[in-house]
Amino acid sequence: MSAVIENHHDDHHHGPAKGLTRWLYTTNHKDIGTLYLWFSFAMFLIGGAMAMIIRAELFQPGMQIVEPEFYNQMITLHGLIMIFGGVMPAFVGLANWLVPMMIGAPDMALPRMNNLSFWILPFAFFILLSSLFMEGGAPNFGWTFYAPLSTTYAPPSVTFFIFSVHIMGASSIMGAINVIVTIMNMRAPGMDLMKMPLFVWSWLITAYLLIAVMPVLAGAVTMMLMDIHFGTSFFNAAGGGDPVLFQHIFWFFGHPEVYIMILPAFGIVSHIIETFSRKQLFGYSSMVWAMLSIAILSFVVWAHHMFTVGMPLAAELFFMWATMLIAVPTGVKVFNWIATMFRGSITFETPMLFACAFVVLFTLGGFSGLMLAITPADFQYHDTYFVVAHFHYVLVPGAIFSIMAAVYYWIPKWSGNMYDERLGKLHFWLSFIGVNVTFFPQHFIGLAGMPRRYPDYALQFADWNMVSTVGAFLFGISQVFFLFIVIKTVMGGKKATDQVWEGARGLEWTVASPAPYHTFGTPPKVD
Amino acid sequence: MNNKGKTSVKFLGMTVIAMFFFSFALVPLYNVFCEVTGINGKVFQSENSQEFMAEEGRDVAVQFISSNNERMPWIFQPSNEVMGVVTGKYYNATFYVKNTTNKVMTAQAVPSIAPSNAAAHLKKLECFCFEQQELAPGEEALLPVKFLISNELPKQIKNVILSYTIFDITDYNQENLAHLEMQVEKY
């Protein structure tokens, strides 16, 4: 009997299984983290290719490359794939890799569910992408899938879209439950809540947001399904329903969703700025409270996405002020990052460059968000390219730059190899220039009145659209370059030390590089 | 996994289910909110709206006065001199007219309402003054007017006078009328 137990014990310390089944059956948080990250990279490139089609069509006024129907499918799938396939799985992947190592836990709390939550994702996106080849084409109603465009006037493939959103939601919910249970129950002895690394804090809050709003998204698409197939009239005015109700339900999910996509970025950037400033983070507890305030406020601002639907004045005022209130905790965070850098011994390695660009450009996106929050002004900006510029500024140099920063920062720990610093910096500058050339002109054409989601535009918008397209292709190509850098680093390179970065703190830097397959079998002591 | 972990999983699972049903609860919540605040243009109480209008109505006396332009020989007089009406409802009144001459004549009635601030609230759905009357020698007729006094009639007005003056326009054929209009424009 005891021999059996010993054998089992020995197995536990073996490395990963060989071959494809290692990835199919794995319950190891590092393997699943890697799967998530590669999956999100693949989706990032697919969604990016769609963005290239969009920008190529908009290079000049008039219809050149695609049909308007196909253009609508591209904008819809680009949004859905980047949000649900790119940014969110990338953050879940980072959480899988980092949360257990940062809190000194041997693995995630629910490893089998972890496997399931990853492996249903490829099917969700297979279903979504397969709708491109169906009769009537892929979903064409924009990523916000407003009823009745997505119900009464939707292509037949909308049912596949609904099913794929259900699967994505189930995956996110399982991932979120896993993160919360891990953080709440598996911290190393001595690690109080207020001693947790900020990335862990940011993910704890994000996971609660996911738990609260992903079921609401599931409810919204279920109502759509019932309207389309079972004769209900949730969103059909002819049957006593209300299409505006859809917008309320959607944005009740949608606004917390945008913080789901930025809170983990706050955590990542806090770590990187702290490390490369070689100082302790300024205002740790205010950072935690700021994230909590942002998360709570995110539930009472949703209608600022729909100021123009005809709300009573009192509601418009409420949502305007509540939205502007979010600028306060966000301002606290930006101030803390700058104060951390102040009089630090800063070096600008690639992760720090991305983090600094994040602080500047995310703040810029926040400012255009404040402009959009002003109700009377929003009537002018609503559904123009100004909105496109705003949310791409917070998502691309915001969320995506933070993910790239995280990859450069932690890849020596994951792979054991240092990336090529020259190539990393080159990638940063190409991305930085590309993103600004792409999206900054969109502010101008938006303020001048160019509406979003049209494949053609009036002649006066031609010059800036051309500039924007040039920037988009520069940004797109530099991400293929990023793929090359990542593969090169994984294949080999200068060996990384255990601490990797001179100023790095935290439990993940105490284990070997590359991180062994199993870490913290016995919990570390934290004081 | 320890018991604390199982409790967390149960709690989070219940939260997920609760939030799913909450999304459906948003539907009646939204309807109640719209009903209470009266926004969104939804009609919730259509059966009550008629009672609401009837309550607003009040009694007003309408006097009918007729007069002839100086060269008009016809007999022209209201069937009833005064009529009690309720605001917000339609009423019919008639005027008696007779061509007392031995030739075919055409007449046009022009209305006038007193007091002047009642004029905007007296609405004529149908009126003989909208068209011309042509009567053969000795012919007589009852000319109808269908009207309503709206609920917005100022409170202090209890008495409305609707008067008609009848004009002989037999000699004014279309050419003459056009000629007259041109002369008017000159001045």
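Do you know which of the residues in the stretch B:73-94 that are within 21 Å of the chain's Cα centre (by Cα) and of a type in the set (A, V, I, L, M, F, W, C) is nearest to B:Gln63 (Cα to Cα)?
B:Val82
Of these, A:Val435, A:Val486, A:Val470, which one is more than 22 Å from the chain's Cα centre (by Cα) and touching a residue at least 12 places away in the same chain (Cβ under 8 Å)?
Criteria check complete, one pass: A:Val470.
Residues checked against (1) modelled with pLDDT of 85 or more; (2) within 14 Å of chain A (Cβ to nearest Cβ); (3) touching a Ser or Thr at 6+ places or on another chain (Cβ under 9 Å):
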{"site": "B:Phe21", "(1), (2), (3)": "yes, yes, no"}
{"site": "B:Ala25", "(1), (2), (3)": "yes, yes, no"}
{"site": "B:Gly41", "(1), (2), (3)": "no, yes, no"}
{"site": "B:Phe52", "(1), (2), (3)": "no, no, no"}
{"site": "B:Trp74", "(1), (2), (3)": "yes, no, yes"}
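Of the numbered conditions (1) touching a Lys or Arg at 6+ places or on another chain (Cβ under 6 Å); (2) assigned to a loop (DSSP other than H, G, I, E, B); (3) within 30 Å of A:Asn140 (Cβ to Cβ), A:Thr469 fails exactly one; give the number of that condition.
(2)
If only one of A:Phe141, A:Phe118 is more than 14 Å from chain B (Cβ to nearest Cβ), closer than 28 Å to A:Gly471 by Cβ and not small (Gly, Ala, Ser), which one is it? Don't jump to the end; show me each part of the working.
Working: A:Phe118 fails: closer than 28 Å to A:Gly471 by Cβ.
The unique qualifying residue is A:Phe141.
Given the options A:Thr182, A:Thr151, name the one that is more than 30 Å from A:Leu20 (Cβ to Cβ) and hydroxyl-bearing (Ser, Thr, Tyr).
Answer to the check: A:Thr151.
For the stretch A:200-233, give me each residue that is buried (at least 21 other Cβ atoms within 10 Å of the Cβ), more than 8 Å from chain B (Cβ to nearest Cβ) and not aliphatic (A, V, I, L, M).
Result: A:Trp201, A:Ser202, A:Trp203, A:Thr206, A:Asp227.
Go through the residues of the stretch B:125-135 one by one and say whether even a single one is of a type in the set (Asp, Glu) and over 16 Å from B:Ile166 (Cβ atoms).
Checked against the condition, which is being of a type in the set (Asp, Glu) and over 16 Å from B:Ile166 (Cβ atoms), the stretch B:125-135 yields at least one hit.
A:Ala315 passes all but one of (1) touching an Asp or Glu at 6+ places or on another chain (Cβ under 8 Å); (2) at pLDDT below 95; which number fails?
If we test A:Ala315 against (1) touching an Asp or Glu at 6+ places or on another chain (Cβ under 8 Å); (2) at pLDDT below 95, just (1) comes out false.
Condition check ((1) on the phi > 0 side of the Ramachandran plot; (2) among the polar types (S, T, N, Q)) across all residues:
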| residue | (1), (2) |
| --- | --- |
| A:Leu313 | no, no |
| A:Thr347 | no, yes |
| A:Phe354 | no, no |
| A:Phe367 | no, no |
| A:Asp383 | yes, no |
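Looking only at residues that are buried (at least 21 other Cβ atoms within 10 Å of the Cβ) and in contact with a Pro (Cβ under 9 Å, 6 or more places away or on another chain) in the stretch A:156-167, which one is farthest from the other protein chains (Cβ to nearest Cβ)?
A:Ser157
Residues of the stretch A:169-199 being away from chain B (no Cβ under 14 Å), free of Cβ contacts under 8 Å to residues at least 60 places away in the same chain and assigned to a helix (DSSP H, G or I), which ones?
Listed by number, the list holds a single entry, A:Leu193.
Going through A:Thr350, A:Thr323 one at a time, which residue ends up being crowded, with 19+ Cβ neighbours inside 10 Å, more than 26 Å from A:Thr144 (Cβ to Cβ) and in contact with a His (Cβ under 8 Å, 6 or more places away or on another chain)?
A:Thr350
For the stretch A:85-135, which residues satisfy the criterion of being aromatic (Phe, Trp, Tyr) and touching a helix residue (DSSP H, G or I) at 6+ places or on another chain (Cβ under 8 Å)? Walk me through it before giving the result.
Let us first name the residues in the stretch A:85-135 that are aromatic (Phe, Trp, Tyr), namely A:91, A:97, A:118-119, A:123, A:125-126, A:133.
A:Phe91, A:Trp97, A:Phe118, A:Trp119, A:Phe123, A:Phe125 - these are the residues of the stretch A:85-135 that are aromatic (Phe, Trp, Tyr) and touching a helix residue (DSSP H, G or I) at 6+ places or on another chain (Cβ under 8 Å).
What number of residues within the stretch A:234-245 satisfy the criterion of being small (Gly, Ala, Ser) and within 12 Å of chain B (Cβ to nearest Cβ)? Can you show your working first?
First pass over the stretch A:234-245, keeping only residues small (Gly, Ala, Ser): A:237-241.
Still in the running and within 12 Å of chain B (Cβ to nearest Cβ): A:237, A:240-241.
Total meeting the criteria: 3.
If a residue has to be touching a His at 6+ places or on another chain (Cβ under 9 Å) and crowded, with 20+ Cβ neighbours inside 10 Å to count, how many in the stretch A:282-305 make the cut?
6
Residue-wise test of (1) without any contact (Cβ under 8 Å) to a residue 40 or more places away in the chain; (2) in a helix (DSSP H, G or I).
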{"site": "A:Met287", "(1), (2)": "no, yes"}
{"site": "A:Met291", "(1), (2)": "no, yes"}
{"site": "A:Met311", "(1), (2)": "yes, no"}
{"site": "A:Ala322", "(1), (2)": "yes, yes"}
{"site": "A:Lys333", "(1), (2)": "no, yes"}
{"site": "A:Thr347", "(1), (2)": "no, no"}
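The values are calculated or read from the model by the stated rules, or taken from the named source; none is laboratory data. The shown structure was predicted, so the numbers you read here are calculated from the model rather than taken from an experiment. Cβ coordinates were reconstructed from backbone atoms using ideal geometry, including for glycine residues, and neighbour counts include every protein chain displayed.
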